[in-house]
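Read through the structure below, which is laid out as structure tokens, and then see the notes.
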Amino acid sequence: MELDAKDGKFAARLIAWQRRHGRHGLPWQGTKDAYRIWLSEIMLQQTQVGTVIPYYLAFLERFPDVASLAASDVDSVLRLWSGLGYYSRARNLHRAACEVVVRHGGTFPHDRETLESLPGVGRSTAAAIAAFAHGAREAILDGNVKRVLARHFAVAGYPGEAKVALRLWTIAEAVLPSQGIATYTQALMDLGATVCSRTPACERCPVHDTCQARAQGNVAAYPGTRQRKAVPVRATRMLLLFHQGRLLLEKRPPSGVWGGLWSFPEVSMDEDVASVCEARFGLVVDAITPLSALKHSFTHFTLNIHPVQCRVRADRRVADSAATQWMDPDHAAMEAVPVPVKKLLVRLKAESGEAADRQ
């Protein structure tokens, strides 16, 4: 089946559907403010709308414009981002804001190519910003849109492969409407998120009668998937070091897993906890209590966390610094900490409450 881009039916149907059935109440809709659009697009990368909304609103309250974001420190950004995951997005968000202020005079570029040069902004994200903020006739191709186009035009293969991605980009550009680009762009996003999902509701799709995958009776075959490899499993110990009611947290390196976040010190499973505490921090361990394990899944591996609660003394060598901080548990929970650390802090608070009730 040939692309029905010549007469614009595909785009026209999506535009009409979006106006009647699409999403219209999202907090980043109804604006041409490139800052707000950019912020939402970054937060929505690999994250569902329902999860993003409270973070988006809190972020805007703290940083209402790109100038205020650029003037902040990255720790403040990470603190607001804590729990949203994929923390490189937050670091790139701050870097991009600084670039917009320094290189572009505080105004977001209008064209996709320049937007794409900002840290953390890929081709599809740049196109979405240009389309929503400036009405630029640009094609998007996020995960949901790849699924819609792969099914409708029966594009076989895994979209992560270069030749498949190129085919999808070619289609995405070919079916662009000459008018109504912002509505059409939103329609593609909405269709992929609410109708043409992993379990599609084909009867509600505005273009179901021209969908090639449906005509084949094989919607589930599109898009193709990559060959799954066994996900490696790693293990680590997290040390919950208590001294006078406070916990010791370390700032992680700026890159890598949980880059720039505050976390409990980690040791390998075969290291002696007391020896590590003495060598690294000059702390004497008076008591060690193993806690129940946590499992945390990353994209490329699973981490089994074995927390150990330690009561320590002689903390003269460990002063508050840029790299280490003694924090009370409630304060620590408000900092930029990874999800497993926040879970452990919640568990500690619950257990201390239960202990108080028993007294």
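Laboratory data are not the source of any read-out in this text; all were calculated from the coordinates shown. Please read all numbers here as calculations on a predicted model, not as lab measurements. As a convention, Cβ positions derive from the backbone with ideal geometry for all residues, glycine included, and neighbour counts pool all protein chains shown.
My understanding is that a pair violates if its Cα-Cα distance is over 18 Å; which of 9/163; 229/342; 295/342 do that in this structure?
Working: 9/163 26 Å; 229/342 30 Å; 295/342 13 Å.
The pairs that break the limit, which is 18 Å between Cα atoms, are 9/163; 229/342.
In angstrom, the C-alpha Rg and Dmax of the stretch 9-221 are 17.6, 55. Of 260, 166, 222, which is farthest along the charge dipole of the stretch 160-269 in the positive direction, counting Lys and Arg as +1 and Asp and Glu as -1 at C-beta? Positive-most Cα among the choices belongs to 260. Restricting the trypsin sites (Lys or Arg not before Pro) of the stretch 212-257 to loop positions (DSSP other than H, G, I, E, B) with no more than 16 neighbouring Cβ atoms within 10 Å leaves 226, 228, 229.
If we count every other residue with Cβ under 14 angstrom of residue 260's Cβ, Lys/Arg +1 and Asp/Glu -1, where does the sum land?
On the way: positive: 79, 89, 91, 95, 251, 252; negative: 73, 75, 250, 335.
Counting the neighbours of residue 260, the net charge comes to +2.
Please order 326, 262, 38 by the number of other Cβ within 10 Å, starting at the fewest. Don't skip to the answer; put the middle values down first.
Values: 326 19, 262 22, 38 27.
Ranked by crowding around the Cβ, least crowded first: 326, 262, 38.
Estimated at 0.36 nm per residue, the fully extended path between residue 220 and residue 179 surpasses their Cα-Cα distance by 11.6 nm.
In the chain, a dipole from Cβ-located charges (positive for Lys and Arg, negative for Asp and Glu) runs towards its positive end, and of 18, 86, 334 it is 18 whose Cα lies farthest in that direction. Dipole magnitude for the stretch 9-221: computed about the Cα centre from +1 point charges on Lys and Arg Cβ and -1 point charges on Asp and Glu Cβ, it is near 600 debye.
Sum up the charges of everything whose Cβ sits under 14 Å from the Cβ of residue 194, counting Lys and Arg as +1 and Asp and Glu as -1, but leave residue 194 out.
+3
For residue 165, the shell of other residues with beta-carbons less than 11 Å away shows a net charge of +3, using +1 for Lys and Arg and -1 for Asp and Glu. Comparing 310, 273, 235 along the charge dipole axis of the stretch 233-358, the residue lying farthest to the positive side is 235, per the Cβ-charge model. Under the convention that each Lys and Arg Cβ holds +1 and each Asp and Glu Cβ holds -1, the size of the dipole of the chain around its Cα centre is about 800 debye. Shown for 74, 231, 341, 121: other C-beta atoms within 10 Å of each C-beta, ranked fewest to most, produce the order 231, 74, 121, 341.
The Rg/Rh ratio for the chain, using Cα coordinates for both the radius of gyration and the Kirkwood hydrodynamic radius, is 1.06. Pairs of Cα atoms in the stretch 233-358 fall into 10 Å distance bins, from 0 up to the last occupied one, in shares of 12, 46, 36, 6, 0 percent.
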